[in-house]
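To start, the structure itself, in structure tokens.
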């Protein structure tokens, strides 16, 4: 379950890993692993977490080379830049550029007014693209200078990628893909898809893979035509990664499913048996034989792509926090929430505020939790009806400006089961 945020002075020496022949688990984050990027030569990776930290790992030894402490909130996105540099982006709306061995960013990119959710590097390495919940995309020249601001989405922008010729493409909660012109004077091209979009990855042949809130993965060409689609998971797809040769896609869901797909037909190839908790991030190693995953249990795992077996699997004391509620449909609905919220008063706040005593409580009123500014002026009291409405229409619609990941529960019976579960388990004594 989501653990208390680690102290910001935690040293790299305290980070733990479990190794075995042919692979390892990387342990050290104090919250869900939200983002992973692997260096082109495959010797290093950078991860970002809800615990506000980014960690640069040696994939050869499993050591943490650097613990990057800068962001004031979740680190939502990371990227490997030319010349061995890294970029991190957070819910604090800032982007930091890092050089190896430096304990402070060499450059901070500011301009977004909402959480930065995704980063992408242009094929020529000259531009860093950022997507934000402030509804914009920004293109930052890595050599310096002002960002080009791209406006056109009507809601949270959740993903950004580049086509091979440098065309930036973004995807958002408004269910739109927008192909942005490389020439600032030209008009963008908008493509509407049937569902809010959470993640995007570039594929060979001017194609894109898009993952949606409906659990589907779609492959779209640069003309906006959907070439193939598949219902990959039963819950929203929140992460995608393409193998280096572009032949395969890995898709992960908010409820923990990890599926390997053929990147052209989207035919399922195999499922990976993960820990059953939300998987937020995916990245292939450059050789295409190993997949890295990061999730709500704070662990980065490595998988043999050919067999689907976990490499370096370890016996740990991690347990399913909802095991005692097996068979309870409300607890199953809550599984997507357990990464960020606690039920017990002693567990306190995590990435989200504790839900203990939620019913009858005014929004944005838990002591000690730093809420999004937009929530503080809202006139909402949490009742069975208002919590149900939150999941019926989605957090971005019901509580605009929230940091809460977007998810809806379309089935009224499932929402009712969740409410019953919360009424029972969050009741203040």
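Is it the case, given these coordinates, that residue 363 is farther than 20 Å from residue 296 by Cβ, buried (at least 18 other Cβ atoms within 10 Å of the Cβ) and touching a helix residue (DSSP H, G or I) at 6+ places or on another chain (Cβ under 9 Å)? Please lay out each step first, then the result.
Numbers: farther than 20 Å from residue 296 by Cβ: yes; buried (at least 18 other Cβ atoms within 10 Å of the Cβ): yes; touching a helix residue (DSSP H, G or I) at 6+ places or on another chain (Cβ under 9 Å): yes.
Against the criterion (farther than 20 Å from residue 296 by Cβ, buried (at least 18 other Cβ atoms within 10 Å of the Cβ) and touching a helix residue (DSSP H, G or I) at 6+ places or on another chain (Cβ under 9 Å)), residue 363 qualifies.
Do we find that residue 274 is touching a strand residue (DSSP E or B) at 6+ places or on another chain (Cβ under 9 Å), outside the structural domain of residue 391 (by TED's automatic domain parsing), closer than 30 Å to residue 62 by Cβ and at pLDDT below 90 in this structure? Give the derivation first.
Numbers: touching a strand residue (DSSP E or B) at 6+ places or on another chain (Cβ under 9 Å): yes; outside the structural domain of residue 391 (by TED's automatic domain parsing): yes; closer than 30 Å to residue 62 by Cβ: yes; at pLDDT below 90: yes.
It is true that residue 274 is touching a strand residue (DSSP E or B) at 6+ places or on another chain (Cβ under 9 Å), outside the structural domain of residue 391 (by TED's automatic domain parsing), closer than 30 Å to residue 62 by Cβ and at pLDDT below 90.
Give the residue, chosen from 364, 333, that is more than 30 Å from residue 136 (Cβ to Cβ), within 27 Å of the chain's Cα centre (by Cα) and not assigned by TED's automatic domain parsing to the domain that holds residue 297.
Going through 364, 333 in turn, just one is more than 30 Å from residue 136 (Cβ to Cβ), within 27 Å of the chain's Cα centre (by Cα) and not assigned by TED's automatic domain parsing to the domain that holds residue 297: 333.
So, in segment 264-310, exactly how many residues are part of a loop (DSSP other than H, G, I, E, B) and buried (at least 24 other Cβ atoms within 10 Å of the Cβ)?
Count: 5.
What number goes with the only condition from (1) under 18 Å from residue 81 (Cβ atoms); (2) out of contact with any strand residue (DSSP E or B) (no Cβ under 6 Å at 6 or more places or on another chain); (3) crowded, with 18+ Cβ neighbours inside 10 Å that residue 166 does not pass?
Here residue 166 meets the rest and fails (3).
Kindly establish whether residue 114 is surrounded by fewer than 22 Cβ atoms within 10 Å (Cβ to Cβ), over 23 Å from residue 39 (Cβ atoms) and under 19 Å from the mean Cα position of the chain (by Cα).
yes
Check segment 226-242 and report whether any residue there is assigned to a strand (DSSP E or B) and farther than 16 Å from residue 201 by Cβ.
yes
Among the numbered criteria (1) closer than 18 Å to residue 38 by Cβ; (2) touching a strand residue (DSSP E or B) at 6+ places or on another chain (Cβ under 7 Å), which single criterion is violated by residue 235?
Among (1) closer than 18 Å to residue 38 by Cβ; (2) touching a strand residue (DSSP E or B) at 6+ places or on another chain (Cβ under 7 Å), residue 235 violates only (1).
Exactly one condition in (1) crowded, with 19+ Cβ neighbours inside 10 Å; (2) under 19 Å from the mean Cα position of the chain (by Cα); (3) closer than 30 Å to residue 408 by Cα; (4) touching a residue at least 40 places away in the same chain (Cβ under 8 Å) is false for residue 155; which is it?
All conditions are met except number (1).
Could you check residue 40 against (1) in a strand (DSSP E or B); (2) modelled with pLDDT of 90 or more and say which number it fails?
Among (1) in a strand (DSSP E or B); (2) modelled with pLDDT of 90 or more, residue 40 violates only (1).
Residue 355 passes all but one of (1) in a loop (DSSP other than H, G, I, E, B); (2) more than 21 Å from the chain's Cα centre (by Cα); (3) surrounded by fewer than 20 Cβ atoms within 10 Å (Cβ to Cβ); which number fails?
(3)
Among the residues of segment 370-396, which ones are touching a helix residue (DSSP H, G or I) at 6+ places or on another chain (Cβ under 9 Å) and either within 26 Å of residue 133 (Cβ to Cβ) or assigned by TED's automatic domain parsing to the domain that holds residue 196 (or both)?
Matches in segment 370-396: 380, 382, 386, 387, 388, 389, 390, 391, 392.
Mind listing whichever residues of segment 363-396 are over 28 Å from residue 328 (Cα atoms) and part of a helix (DSSP H, G or I)?
If the condition is that a residue be over 28 Å from residue 328 (Cα atoms) and part of a helix (DSSP H, G or I), then 373, 374, 375 are the ones that fit.
Of the residues 67, 80, only one is at pLDDT 95 or above and either farther than 16 Å from residue 280 by Cβ or more than 22 Å from the chain's Cα centre (by Cα) (or both); which? Walk me through it before giving the result.
Numbers: 67 fails: at pLDDT 95 or above.
One residue alone meets the criteria, 80.
The values are calculated or read from the model by the stated rules, or taken from the named source; none is laboratory data. Values in this document were obtained by computation on a predicted structure and should not be read as measured data. When we count neighbours, we look across all protein chains shown, and the Cβ atoms used for this are built from the backbone with ideal geometry, even at glycine.
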